Amino acid sequence: MAELTLPKDFFFGAAMSGPQTEGGWNVGGKLENLWDTWSNEDIGAFHNRVGSYVGNDFMHRYQEDLAILKGLGLDSFRTSIQWSRLLDADGNVNPEGAAWYHELFRAAREAGLEPFVTLYHFDLPTYLFRRGGWESRETCEAYANYVEKALHEFGKEVRYWFTFNEPSVEPENRYWHGGWYPQHHSFREAVVAQYNISIAHALGVARYRAAREEGALRPDARIGIVCNFSPSYTKEDPSEADLEALRMNDGLTTRWWLDLATKGSLPADVLETLARLGTPVPARPGDEEVLRLGVVDWLGCNYYQPCRVQAPSRDRDEWGNPLFAEPYVWPERVMNESRGWEIYPKGIYDFGMKCRDEYPDLEWFVSENGIGIEREYLNKDPETQQVQDDYRVDFVRDHLSWIARAINDGAKCRGYHYWGLIDNWSWANAFKNRYGFIEVDLMESYDRRPKKSAAWLKEVAATHVVR
């Protein structure tokens, strides 16, 4: 692909989350979240029995890590406030938790880095899950209270706020596909959870608007949501059934959130199909007015892989859940075998064109993108012991090239945050797949070491030239 240049005001940064980096899972008044509870109850469910406890030790190394980001020429980073660290079980601010985040934001300012703050990154406090979790409207109200407390606590320190990270992933993995604690297999529960998260998002945006009116926020503050967008594709010569699979897959995972973020509503065709299949959303009188509050200023797009689907071969799965689609294996696909994900950089261009054409006023940025490799230590230079990760350079170069093309063709993409710039803990996969430009050595006290790719990233961040 030819050399391309990104706009001068295009920002470069790193993406991370509180539960995947901080550690300190039970210090300073922090309550258990579901990852802590799962780790305590079944540590064998985690790769190499590495649970939620340490992250990548960011609580002790935040100054070093911020210096690393700045040294690579980055100007921003996204992380999350942990609900279970900031508030106590009565919904009041935990002073020790608040003090940690105040210190983090102070250190970020001192380092010259803009923090992008996500308010929820899959880390529901366990006591709320035991009272119904995302199947309960009580959790929506508790979330709104948490957002209000966070905004008033840090409103003068943080410019960019995001209500949720990847709001469709928790319903899928926790309630439907059985991947996360407590490993349920109920599409009905997933629909309820996704709908209630949508309500919670709208309530959170409303609390943001109220805090802004009260003068509690910076005058240049913005609110958004970070969603995982895997552009949907089907066969080149699709049947009507293939196109129907495409419609519902795109509707549940992409249009649902784009419509909510830009129109304050959910796609009517998706809601109608859900109702027809016996899994309607748990709408209440007045919910349409609540959802209308969910329009944001911009959003983040997490992009890792496309989603290729075809018509399902049966109507129900083994748990009795409706099947809308089945995976379609594209004959030309290129795979990251470590993760089992297709590598398709053009997908980010296609998403940009979808936004340009269907949501023309929407500003967005790439809030996550990265490649995770298993047993990356095998790729170390025997003399220098530096990880030789040319594949990471290739991956990011190709994605940035398609982002540059999308911008040239009218996409309102404002920046790029690489996921896992410093190797971090990744849920039940722990440290199985390494994403970073910076290695974290678990055998040497979590020491940080640059991989070969780090020098390339620094040059791109400095020049905005993708070569």
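Below, the figures for the structure above:
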item	result
Number of the condition not met by Lys346 [criteria: (1) within 26 Å of the chain's Cα centre (by Cα); (2) within 29 Å of Ser80 (Cβ to Cβ); (3) open to solvent by 50 Å² or more (accessible area, probe 1.4 Å); (4) of a type in the set (Lys, Arg)]	(2)
Pairs where the first residue, in segment 450-467, is more than 15 Å from Gly13 (Cα to Cα) and in contact (Cβ under 8 Å) with a residue 24 or more places away in the chain and the second is of a type in the set (Gly, Ala, Ser) and assigned to a helix (DSSP H, G or I), C-beta under 9 Å, 6+ apart	Val466/Ser401; Val466/Ala404
Residue that is farthest from Gly178 (Cα to Cα), among those in segment 318-337 that are open to solvent by less than 90 Å² (accessible area, probe 1.4 Å) and without any contact (Cβ under 8 Å) to a residue 24 or more places away in the chain	Val334
Single match in Trp176, Trp180 (criterion: open to solvent by 40 Å² or more (accessible area, probe 1.4 Å), within 19 Å of Tyr120 (Cβ to Cβ) and under 19 Å from the mean Cα position of the chain (by Cα))	Trp176
Pairs where the first residue, in segment 210-224, is among the small types (Gly, Ala, Ser) and at pLDDT 95 or above and the second is surrounded by 20 or more Cβ atoms within 10 Å (Cβ to Cβ) and assigned to a loop (DSSP other than H, G, I, E, B), C-beta under 7 Å, 6+ apart	Ala211/Leu217; Gly224/Val296
Residue that is surrounded by the most Cβ atoms within 10 Å (Cβ to Cβ) [pool: residues in segment 270-288 that are of a type in the set (A, V, I, L, M) and either without any contact (Cβ under 8 Å) to a residue 40 or more places away in the chain or out of contact with any Leu (no Cβ under 8 Å at 6 or more places or on another chain) (or both)]	Leu274
Scan of segment 85-112 for residues that are acidic (Asp, Glu) and within 19 Å of Tyr143 (Cα to Cα), ordered by number	Asp88, Asp90
Residue selected from segment 355-382 under the condition of a type outside the set (Val, Ile, Thr) and in contact with a Gly (Cβ under 8 Å, 6 or more places away or on another chain), by the criterion farthest from Tyr304 (Cα to Cα)	Arg356
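Residue-wise test of (1) over 30 Å from Glu114 (Cβ atoms); (2) open to solvent by 10 Å² or more (accessible area, probe 1.4 Å); (3) at pLDDT 95 or above.
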residue: Ser17; (1), (2), (3): no, no, yes
residue: Thr21; (1), (2), (3): no, no, yes
residue: Val27; (1), (2), (3): no, yes, yes
residue: Asn48; (1), (2), (3): yes, yes, yes
residue: Gly51; (1), (2), (3): yes, no, yes
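The values are calculated or read from the model by the stated rules, or taken from the named source; none is laboratory data. In this text, all values refer to a predicted model and were calculated from it rather than measured experimentally. Note that we place each Cβ from the backbone using ideal geometry, even for glycine, and neighbour counts take in every protein chain shown. Heavy atoms of the whole protein, side chains included, go into the accessibility calculation; ligands, DNA and RNA do not. Shrake-Rupley method; radii C 1.70, N 1.55, O 1.52, S 1.80 Å.
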